[in-house]
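The values are calculated or read from the model by the stated rules, or taken from the named source; none is laboratory data. Note that this is a predicted model, so its numbers are computed, not measured. Cβ: placed from backbone, ideal geometry, glycine included. Neighbour counts: every protein chain shown.
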């Protein structure tokens, strides 16, 4: 265009002017006009394409590839005479999927194979399912299927009978205990699960296993006793208290031992003592509550009352343990030392277990006194 | 119907605990990557609490040797859970409660 204008207004030579004139006349003719228009349009389209954002390029590419493949599928199906509305809808969905894929990945990362795969998959996976269904409903496939189903159910039946027999025998042995065990083990599991999800590095497998085992043992053992808080006679009451204190002491000892604090008698005695104090106290307060304010209550109200009393007892025991576990354990340590020292002195006159700080302190005191005396 | 759901809860609870603890026990680095995804961690915690509620309700129901689940089973289960969790919280130095604040 610029060449023509330059040739007409400021020609290099007469020949150049004539050539420009001819070109200008051609440009004004219908053929020339349409060529020029197409030229402008195409350069504009290229500019628009380059100016479009990445996702629009991807979308257009996806739509183009999708529509081309969908058209090819529909056209091929029509030619073969197997076309249908379903196929057209599937192909349309596939094209739409390809366009969405293009918009997501953008024009730069666009992969025509993936876009084509989306269309083909959308069309042929449902069709493949349809063909597989047709294949499977043949007589041979039915027979095969029935045989495998029979074999599977035979195996499942065998496994289930074994499993249920095992569970039944466990139930017979453990009775009510197993539900207490599940609850008792579940609570620490829940806690350690929460710790794990809160901060995975804080999770300690050993501690979790110890807690779950101790909880399972305690829950399972206390479940048996739980139903009989109000024992009929003093002997039974005593037996229950002793059993409960043994369980409490055992759980406390096992926990301390497994966490590396050593297997100590004082740990057992502390747990046993605390349980022995609080188990009868709890039982007593339950009886008291039931025989006083519980007398006028309905059975539901009574049940709630008992739960409330149990909770209060639990808090009392926890608070007591929290405050007094260390002092009581130290006391038992002292007692144990005294016993063993006394025993050693009695049996073989060995005083090696006597606390040496005492004698050192004594020596120190003596030195100090002699010094001050000599000084004074 | 409800009892069936509760039975499924027991199985789900045990499976979730065993799976999560196995991952954390055998491959700590995987657990570090997996359980720090916040949406997964939060939704798993909500799920485990729901599944545990079902489990403990079911256990209390079986403890009383009843065939139908009643509201009182749920209430006793919740109380046992609260008291038990407080006990284990106290024992392990309040890990969950201190994480809330």
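Return only the number of the condition from (1) free of Cβ contacts under 8 Å to residues at least 40 places away in the same chain; (2) within 24 Å of residue A:308 (Cβ to Cβ); (3) more than 8 Å from every other protein chain (Cβ to nearest Cβ) that residue B:60 does not satisfy. The number of the failed condition is (3).
A quick yes/no check of all residues on (1) at the interface with chain A (Cβ under 9 Å from one of its Cβ atoms); (2) free of Cβ contacts under 8 Å to residues at least 60 places away in the same chain:
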{"site": "B:2", "(1), (2)": "no, no"}
{"site": "B:12", "(1), (2)": "no, yes"}
{"site": "B:34", "(1), (2)": "yes, yes"}
{"site": "B:71", "(1), (2)": "no, yes"}
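Kindly check whether there is at least one residue in segment A:104-114 that is out of contact with any strand residue (DSSP E or B) (no Cβ under 7 Å at 6 or more places or on another chain), free of Cβ contacts under 8 Å to residues at least 40 places away in the same chain and surrounded by 12 or more Cβ atoms within 10 Å (Cβ to Cβ). So far as segment A:104-114 goes, yes, one or more of its residues are out of contact with any strand residue (DSSP E or B) (no Cβ under 7 Å at 6 or more places or on another chain), free of Cβ contacts under 8 Å to residues at least 40 places away in the same chain and surrounded by 12 or more Cβ atoms within 10 Å (Cβ to Cβ). When residues in segment A:185-200 are screened for being more than 15 Å from residue B:15 (Cβ to Cβ) and in contact (Cβ under 8 Å) with a residue 24 or more places away in the chain, 2 of them pass. In the condition set (1) farther than 30 Å from residue A:102 by Cα; (2) at pLDDT below 75; (3) part of a helix (DSSP H, G or I), residue A:11 is compliant with all but (3).
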